[in-house]
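Right, one structure below, let's go through it.
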Amino acid sequence: MRKIGLIGGISWVSTSDYYTLINKGINEKLGGLNFSECLIYSFNYADIKKNNDANDWDSTFNMLLKAAEVLKSGGAEAILLCANTMHVIADRLQQAIDIPLIHIAEETAVEIQKKELKKVGLLGTRFTMELDFFKDKLAEKGIETIIPESEEVKNFIHYTIFEELGRGIATEETKKRYLEIANELIKNGAEGIILGCTEIPLVIKEGDLNVPIFDTALIHTQAAINFQLT
């Protein structure tokens, strides 16, 4: 089994999910008492968010590079960033380390291709929805991405990710609003919905919508399992 390194704490909620999903996945494949051999470097989320809110991606990059180097020195053979937003510096980080970085958007694009979809809706932080780092990976595969147009809606998603979902809080009211937003994207032509924040599965689950959903945390962790076992 190949060892992987998880960069987490962004947030702890999704990091916990990553650890659970990867270990369950390995056990499903190998049985017995087999589980994932992995290392975790977990940040204080407040430090990361302060940089991001100040548009100081260089400081975030330096923090994540240090974490990746620590994980590599511990024997990690690949790195996962356990959050969509952190992939804004993923290509830069990949250039700085000489082990693979398993990219969440690239893996999501592969799954969308399997369903032969050409237009999808993307929900996530304002960074993930408005910057190009995620959408560009889909565009490389011929997939068009749409996001909510309303500033109020984007603010709502961004706020609830940090102030509710990132703290493990999921209310029925928030779930209802997310489903309304997703259905509006579907009305505008989305053939599938990307849960482009690893905490959004707290409020949108398989079967909640009449189109496929792409749970990026689930997709990302499955890619990690495949890497470990090949």
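Filter segment 146-161 for residues that are more than 17 Å from residue 10 (Cα to Cα), part of a helix (DSSP H, G or I) and open to solvent by 60 Å² or more (accessible area, probe 1.4 Å) and give the result. Answer for segment 146-161, where residues must be more than 17 Å from residue 10 (Cα to Cα), part of a helix (DSSP H, G or I) and open to solvent by 60 Å² or more (accessible area, probe 1.4 Å): 151, 152, 155. Scanning segment 33-88 for residues that are free of Cβ contacts under 8 Å to residues at least 40 places away in the same chain and of a type in the set (S, T, N, Q) returns 34, 42, 44, 51, 55, 59, 60, 62, 73.
Mind checking whether some residue in segment 106-117 is in contact with a Pro (Cβ under 8 Å, 6 or more places away or on another chain) and in contact (Cβ under 8 Å) with a residue 24 or more places away in the chain?
Here is the first cut: in segment 106-117, the residues in contact with a Pro (Cβ under 8 Å, 6 or more places away or on another chain) are 115, 117.
Keeping just the survivors that are in contact (Cβ under 8 Å) with a residue 24 or more places away in the chain gives 115, 117.
Yes, segment 106-117 contains a residue that is in contact with a Pro (Cβ under 8 Å, 6 or more places away or on another chain) and in contact (Cβ under 8 Å) with a residue 24 or more places away in the chain.
Yes/no matrix, rows are residues, columns are (1) among the basic types (Lys, Arg); (2) in the same structural domain as residue 211 (by the TED database); (3) closer than 22 Å to residue 228 by Cα:
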site	(1), (2), (3)
74	no, no, yes
85	no, no, no
89	no, no, no
118	yes, yes, no
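Of all the residues that make up segment 125-145, how many are open to solvent by less than 50 Å² (accessible area, probe 1.4 Å), outside any helix (DSSP H, G or I) and at pLDDT 95 or above?
Step one: list which residues in segment 125-145 are open to solvent by less than 50 Å² (accessible area, probe 1.4 Å), which gives 125-129, 133-135, 137-138, 142-143, 145.
Okay, now just the ones that are also outside any helix (DSSP H, G or I), so 125, 142-143, 145.
Narrowing further to those that are at pLDDT 95 or above: 142-143, 145.
Within segment 125-145, residues that are open to solvent by less than 50 Å² (accessible area, probe 1.4 Å), outside any helix (DSSP H, G or I) and at pLDDT 95 or above number 3.
One line per residue, one yes/no per condition, for (1) over 30 Å from residue 144 (Cβ atoms); (2) of a type in the set (Gly, Ala, Ser); (3) assigned by the TED database to the domain that holds residue 135:
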residue	(1), (2), (3)
12	yes, no, no
20	yes, no, no
27	yes, no, no
39	yes, no, no
47	yes, no, no
58	yes, no, no
78	no, yes, no
82	no, no, no
115	no, no, yes
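Of all the listed residues (206, 164, 191), the sole one being exposed (fewer than 15 other Cβ atoms within 10 Å of the Cβ) and of a type in the set (Asp, Glu) is 206.
So which strands (runs of 3 or more DSSP E) stay within segment 1-120 end to end and still have 2 or more residues that are surrounded by 21 or more Cβ atoms within 10 Å (Cβ to Cβ) and among the hydrophobic types (A, V, I, L, M, F, W, C)? If you could, list the steps in order and put the result at the bottom.
Details: elements: 4-8, 38-42, 79-81.
In segment 1-120, the matching strands (runs of 3 or more DSSP E) lie at 4-8, 79-81.
For segment 182-215, the candidate set comprises residues that are part of a helix (DSSP H, G or I) and under 19 Å from the mean Cα position of the chain (by Cα); within that set, the residue that is farthest from residue 117 (Cα to Cα) is 202.
Quick check: anything in segment 22-29 under 17 Å from the mean Cα position of the chain (by Cα) and more than 16 Å from residue 229 (Cβ to Cβ)?
First, pick out the residues of segment 22-29 that are under 17 Å from the mean Cα position of the chain (by Cα): 22.
From the residues that got through so far, the ones that are more than 16 Å from residue 229 (Cβ to Cβ) too are none.
No; the residues of segment 22-29 include none that is under 17 Å from the mean Cα position of the chain (by Cα) and more than 16 Å from residue 229 (Cβ to Cβ).
The values are calculated or read from the model by the stated rules, or taken from the named source; none is laboratory data. This is a predicted model, so every value here is computed, not measured. Note that we place each Cβ from the backbone using ideal geometry, even for glycine, and neighbour counts take in every protein chain shown. Only protein heavy atoms, including side chains, enter the accessible area calculation; ligands, DNA and RNA are left aside. Shrake-Rupley method; radii C 1.70, N 1.55, O 1.52, S 1.80 Å.
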